1. Non-local amide H neighbours of L401 (under 5 Å, H modeled in plane, Pro and chain starts lacking H): which ones?
2. Around V232, which amide H atoms from residues at least 5 apart in sequence, or from another chain, sit under 5 Å from its own amide H, with H modelled in the peptide plane?
3. Working from Cα positions, state the angle (0 to 90°, nearest 10) between the long axis of helix 309-324 and the longest principal axis of the chain.
4. Spelling out what I want: for every residue of region 298-304, take phi, set θ = phi - 60°, compute 6.51 cos²θ - 1.76 cosθ + 1.60 (Karplus), and round to whole Hz; glycine and proline get x.
5. Cβ neighbours within 10 Å, averaged per peptide: list 263-273, 222-232 in order, most packed at the top.
6. Report the full-extension gain for the segment E99 to A43: residue separation times 0.36 nm, less the Cα-Cα distance, to one decimal in nm.
7. Once phi is turned into ³J(HN,Hα) by the Karplus curve 6.51 cos²θ - 1.76 cosθ + 1.60 with θ = phi - 60°, what whole-Hz value does each residue of region 140-146 show in order, with x for glycine and proline?
8. For an R0 of 30 angstrom, estimate the FRET efficiency from the Cβ-Cβ distance between F410 and R293 and round to the nearest 0.05.
Amino acid sequence: MDLFETSTGQANVPLATRMRPSALEEMLGQQHLLGPGSILRKAIEGDTLPSMILYGPAGTGKTTLAVIIARRTASHFELLSAVSAGVADIRKVASEADERRNFHEQGTILFLDEIHRLHKGQQDALLPYVEHGTFTLIGATTENPYFTIITPLLSRCRLFALHPLEPDELLTLMQRALADEEHGVASLQPAVDEEALTHIAENAGGDARVALSAVELALLTTAPGKDGRRHVGVHEAEEALQRPVVKYDRAGDEHYDTISAFIKSMRGSDPDAAIYWLAKMLEAGEDPRFIARRLIIQAAEDIGLADPIALQVAVAAADAVEYVGMPEAQIPLAMATLHLATAPKSNSSYKAIASGRDLVRKEGGGQVPGHLAGGPRVEESSGQYLYPHDYPGGWVKQGYLPPEARGVTFYEPGSNAREQRIAKYLRQLKGEHSGEAEPSQ
């Protein structure tokens, strides 16, 4: 028995393996890759696969795709794991693939699991075989391939990123297992509460293997009741998943109340409270991208010019969420949270744009003065534009607002040290250059 063969007669075969889909139609998630008409789906259905790297977190379907391809392809299918395989194994597959192609006109597909575990020399060994089409390589990895796969190999492969499964997809998967007599756990007479399934779905981290293993463990460790059924509630789900139920509704009051507490804790410069609410959201399965977006807004709205670096930190955290994913992304999210909570505060940018837009709405937007316009004007110009860099200090007195907005102040520097330096600079400009300056020579 190998990776692609399972038997319900073997009690030691995990539920996640027994329930592995054998057809594209049975596979959940990854519609961006496997939806009708997609390139990868057409390649699988047409048995015209290019060499590729499948990249994504554990339990998202990389091995499942290999199972499906193995069962559909007319090519010979070879499986190696980079945990134990070396250059000799790769050369053996290549030699047999050459013989197969030359004497039987049959191609070969090599599925190389955990490909990131191959060191550079071992990856180099793959290059000529992929380059010359000796075999079609399908590499699977949970690690960022831009860091772990050598560039020459990446350039010869298509890269397909798999995403964590959504809670509703995990629910469907578990319900299939509960109802399946042949491969699932229906023979155990399960009676699993909907709340227990929801808890597992929302806390399995998008990992199908984790979700199915939790269901299986909960059932196997629950004795049948008087009715012969195994009753699994939230408590059993918590025990099996080792994750307590966090009171949180991603679409309800808890969602909005918790993010509000998170924002107000950072605004109030309480790093401990901010970390607590961040932890609650992450434990409850909140979308980390949503949290990252709020950090970016917070950095600009409540910190702004008091510490402009805060916005860079928040944007970097958002990039990290996309780049490394969870659970590792919790660290840059925490770093950004602490930076924002401990930074000096100023809402001057927020107030400036709010008052500016308010005036524009009321006035309808003024005409751009002729000397500021971007090109030749038919009407007579209101004056000549003065190029600030031609004047001492890079500043010259001239008007930049339309007549209806002159004299209005939108930006009021905050009381923090940095903006007080800005205020002093602006006062110096107006005081030192009260009249028209002569251009510097």
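Read the figures in this text as sums done on the coordinates, not as results from a lab. In this text the structure is predicted, and so the values were computed from the model without any measurement. Ideal geometry is used to build each Cβ from the backbone, glycine not excepted, and the neighbour counts take in all protein chains shown.
1. none
2. Long-range HN contacts for V232: A191, V192, D193.
3. With rounding to tens, the tilt is 20 degrees.
4. Once rounded to whole Hz, the list reads 4, 4, 7, 7, 10, 10, x.
5. 263-273, 222-232
6. Roughly 17.7 nm would be gained on extension.
7. Values, residue by residue: 10, 8, 9, 9, 4, x, 5 Hz.
8. 0.70
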